[in-house]
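Remarks on the structure that follows.
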Amino acid sequence: MKAMLLILLFAMPWATQTAQAEAGLHLRAVDVDLTDHAALQRGAKYFVNYCLSCHSLSAVRYNLFERLGLTPDQIRENLIFTGRKIGETMEVAMRPEDAKRWFGAPPPDLSVIARARGADWLYAYLTTFYLDDTRPTGVDNLAFPKVAMPNVIWQLQGQQAAVYADGATRPPSTDAPIDHLNLVQPGTMTPVEYERTARDLVGFLVYVGEPNKVQRQNLGLWVLSFLGLLFVVSYFLKKEYWKDVRH
C-alpha cells in the first residue's frame, strides 16, 4: 500500500505535465508576491467587478481585506455592491438552477481554486481565451478546452485568434495543434497592462486560498531557527554530560 502511494505521489506531477504538453499548453511561471498589498487590492477590485457576479468565495469574508490595508468604509464603498455586511461571506446572487440553464453547470466556488489548480495554470487560463465560433460562447481556452465560461474580461484584453501549427487561422482538417494566439482586436489595456492585471487577479486568488501563508512561512523560519539552536545546545550538553562516563 505504501509503495502504491509513493508511486502515485511521484506519478501525479508527471501525468499533469504530460497532459499539459499534449494539449500544447505552456505554463509561464507567475511571481506572486503576497506582501504586495497594492497588487492584492487591485486583484480584489478586478475579482469583484468581473468575477463575483458568477463565482463565489464562500470561505472568504469581506473583512479579510482589512489585512490588506483597507478600512471598513473602503471595503463597503469599493468591494460590496450587493447590500451584504462586511462580516458576511462573498456569495453570488445567481441561483444555481439559473446558472445550470445558462452555462450548463453552476460556476464553481473559487475560494481554493489557486490551491487546486496552481497560480501558473490560473494565469494561463486568464490569458489564453481565443475566438472560436464553434463554441456556444464564441470562445475557447487553451488551458481549459471546451470551456463553458465566456471571456468576461475580453474588453480589457481584447480578442485573440488561434494560429495553428500549419499556419492556418481556422481549424484545419487535420489535428494540427495551436501554435500561438494573435491579438486581433485590441482591448482597453495594452498587452503589458493586461498581463499585470492577470497577475494581480491570480495573486488575489492565491491570497484568499491561504491568507495566513506569509505568517505561516515566517513562523516556520522562527521554529526552524529555534530547533537548530536547540540542537546545538543539546549536542554540547550531551558531550558535557557524558565526558566523564567510562565505557
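The values are calculated or read from the model by the stated rules, or taken from the named source; none is laboratory data. Here the structure is a predicted model, which means the values were calculated and not measured. Ideal geometry is used to build each Cβ from the backbone, glycine not excepted, and the neighbour counts take in all protein chains shown. Quick note on the areas: whole protein, heavy atoms, side chains included, nothing else; ligands and nucleic acids left out. Shrake-Rupley method; radii C 1.70, N 1.55, O 1.52, S 1.80 Å.
Kindly indicate whether LYS45 is without any contact (Cβ under 8 Å) to a residue 12 or more places away in the chain, of a type outside the set (A, V, I, L, M, F, W, C) and within 23 Å of LEU126 (Cα to Cα). Even if it seems obvious, please write down each step before you answer.
Details: without any contact (Cβ under 8 Å) to a residue 12 or more places away in the chain: no; of a type outside the set (A, V, I, L, M, F, W, C): yes; within 23 Å of LEU126 (Cα to Cα): yes.
So LYS45 does not fit the description; no.
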How many of the residues in the range 59-79 are outside any helix (DSSP H, G or I) and exposed (fewer than 14 other Cβ atoms within 10 Å of the Cβ)? 2
At pLDDT below 95 and under 28 Å from THR190 (Cα atoms), is that true of LEU68? yes
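Collect the residues in the range 31-56 that are assigned to a loop (DSSP other than H, G, I, E, B) and among the charged types (D, E, K, R), keeping them in residue-number order.
If the condition is that a residue be assigned to a loop (DSSP other than H, G, I, E, B) and among the charged types (D, E, K, R), then ASP31, ASP33, ASP36 are the ones that fit.
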For the range 35-77, the count of residues that are over 23 Å from ILE153 (Cα atoms) and basic (Lys, Arg) equals 3
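This table checks each residue for (1) within 23 Å of THR35 (Cβ to Cβ); (2) touching a helix residue (DSSP H, G or I) at 6+ places or on another chain (Cβ under 6 Å).
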{"position": "GLN74", "(1), (2)": "yes, no"}
{"position": "MET90", "(1), (2)": "yes, no"}
{"position": "LEU122", "(1), (2)": "yes, yes"}
{"position": "VAL147", "(1), (2)": "no, no"}
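Kindly evaluate ASP140 against the criterion of being acidic (Asp, Glu), out of contact with any helix residue (DSSP H, G or I) (no Cβ under 9 Å at 6 or more places or on another chain) and open to solvent by less than 20 Å² (accessible area, probe 1.4 Å). I'd like the intermediate steps shown before the answer.
Numbers: acidic (Asp, Glu): yes; out of contact with any helix residue (DSSP H, G or I) (no Cβ under 9 Å at 6 or more places or on another chain): yes; open to solvent by less than 20 Å² (accessible area, probe 1.4 Å): yes.
In short, yes.
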From LEU131, LEU79, LEU142, which residue is within 18 Å of CYS51 (Cα to Cα) and not aromatic (Phe, Trp, Tyr)? LEU79
Here are some conditions: (1) farther than 28 Å from ASP36 by Cα; (2) surrounded by fewer than 17 Cβ atoms within 10 Å (Cβ to Cβ); (3) among the polar types (S, T, N, Q). GLN159 meets all but one. Which one does it not meet? (2)
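Among the strands (runs of 3 or more DSSP E) contained in the range 80-164, which hold 2 or more residues that are free of Cβ contacts under 8 Å to residues at least 40 places away in the same chain and farther than 19 Å from LEU201 by Cα? Please lay out each step first, then the result.
On the way: elements: 129-131, 139-141, 158-164.
In the range 80-164, 139-141, 158-164 are the strands (runs of 3 or more DSSP E) which contain 2 or more residues that are free of Cβ contacts under 8 Å to residues at least 40 places away in the same chain and farther than 19 Å from LEU201 by Cα.
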